[in-house]
């Protein structure tokens with residue numbers, strides 16, 4: 001009988017030790033994060049950094065699982081899934097959030113920003129916070145601002161160095177009214193098309209060009225398809241990291257603080273890194289045989305004036321006060 005009792009006690013001790021050894025792993029709270037980004041992009045690297053920073057700050061109690069390459073759907077699908085609580089978080093294009101909060105149209109207005117420093121001042125300041133505040137009634141929480149960066153125009157017809165050069169070219173755009181209006185005001189023919197279709201379309205001549213960033217274009221090997229690339233910088237696309245409000249409210253206040261702090265740190269790093277990628281991409285593209293065209297400063301002003309009607313078109317959606325206050329803030333912080 002004593003031997004049986006001893007065996008039972010040994011078994012209980014072993015079982016309790018096993019439970020203790022596994023309890024930290026069982027206590028880990030996982031955050032499933034969707035993105036359409038490929039591992040080669042800075043945006044994807046931003047999520048990897050968030051994953052690392054959050055794990056360190058939370059001492060392993062919070063973990064990020066990255067669901068990349070669009071496995072959770074496109075931006076619209078991921079936004080809706082976060083609102084419903086079927087997806088924990090996602091990095092999405094800021095312009096797509098304008099369907100829920102029209103003030104998100106403000107950031108990609110044509111030629112609103114001159115450079116990355118102006119963008120960062122806006123996003124890290126009161127207006128970035130205001131925009132995130134507008135998401136909460138839509139069952140979303142904004143965690144931080146990543147970026148797709150400034151867009152340029154890639155094409156197979158001719159170099160673009162002045163507005164007349166883009167006239168009549170069929171340029172693939174995202175199917176949003178602001179993107180299409182911007183391209184049309186520049187003189188191009190906006191041609192909305194899914195990303196998968198547009199690469200084939202450029203090869204076959206269905207479209208003459210594509211509007212995207214230098215960095216993304218390099219990662220996707222557009223140099224194998226397009227002859228010319230111009231950093232027109234006509235459109236700045238943010239990539240906010242959003243979270244389901246339903247999930248966020250389940251975390252403790254301390255956990256919420258760690259999630260937001262780690263996201264802000266990682267995504268701020270990503271924006272600075274993206275600026276370096278943009279700068280380094282031009283010589284890399286030229287080495288691949290792409291003719292890279294630089295637009296003189298005075299010509300940028302010509303492009304800016306041509307796209308001014310877009311502001312009038314969207315002022316009612318964005319709100320006159322929000323638009324004017326945003327522009328005043330940017331001008332005040334602009335380098336003279």
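Please specify each residue of segment 224-243 satisfying the condition of being surrounded by fewer than 22 Cβ atoms within 10 Å (Cβ to Cβ) and within 28 Å of residue 261 (Cα to Cα).
The answer is 237, and nothing else.
Going through segment 296-328 one residue at a time, which ones are without any contact (Cβ under 8 Å) to a residue 60 or more places away in the chain and either in contact with a helix residue (DSSP H, G or I) (Cβ under 7 Å, 6 or more places away or on another chain) or at positive phi (or both)?
Within segment 296-328, 315 is the sole residue that qualifies.
Suppose we keep only residues that are surrounded by fewer than 21 Cβ atoms within 10 Å (Cβ to Cβ), on the phi < 0 side of the Ramachandran plot and not in a helix (DSSP H, G or I) within segment 174-189. Which one would you say is modelled with the highest pLDDT?
The selected residue is 189.
Looking only at segment 194-211, which residues are surrounded by 21 or more Cβ atoms within 10 Å (Cβ to Cβ) and touching a helix residue (DSSP H, G or I) at 6+ places or on another chain (Cβ under 9 Å)? So that I can check it myself, show each step before the final result.
Kept after step one, since they are surrounded by 21 or more Cβ atoms within 10 Å (Cβ to Cβ), are these residues of segment 194-211: 198, 202, 207-211.
Answer for segment 194-211, where residues must be surrounded by 21 or more Cβ atoms within 10 Å (Cβ to Cβ) and touching a helix residue (DSSP H, G or I) at 6+ places or on another chain (Cβ under 9 Å): 202, 207, 208, 209, 210, 211.
For every residue, the table says whether it meets (1) more than 23 Å from residue 124 (Cα to Cα); (2) modelled with pLDDT of 95 or more; (3) touching a strand residue (DSSP E or B) at 6+ places or on another chain (Cβ under 7 Å); (4) in a helix (DSSP H, G or I).
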position	(1), (2), (3), (4)
251	yes, yes, no, no
255	no, yes, yes, yes
262	no, yes, no, yes
268	no, yes, no, yes
275	no, no, no, yes
282	yes, no, yes, yes
286	yes, yes, yes, yes
310	yes, yes, no, yes
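The values are calculated or read from the model by the stated rules, or taken from the named source; none is laboratory data. Just so it is clear, the model here is predicted, and its values are computed rather than measured. So basically every Cβ, Gly included, is an ideal-geometry build from the backbone, and we count neighbours across all protein chains shown.
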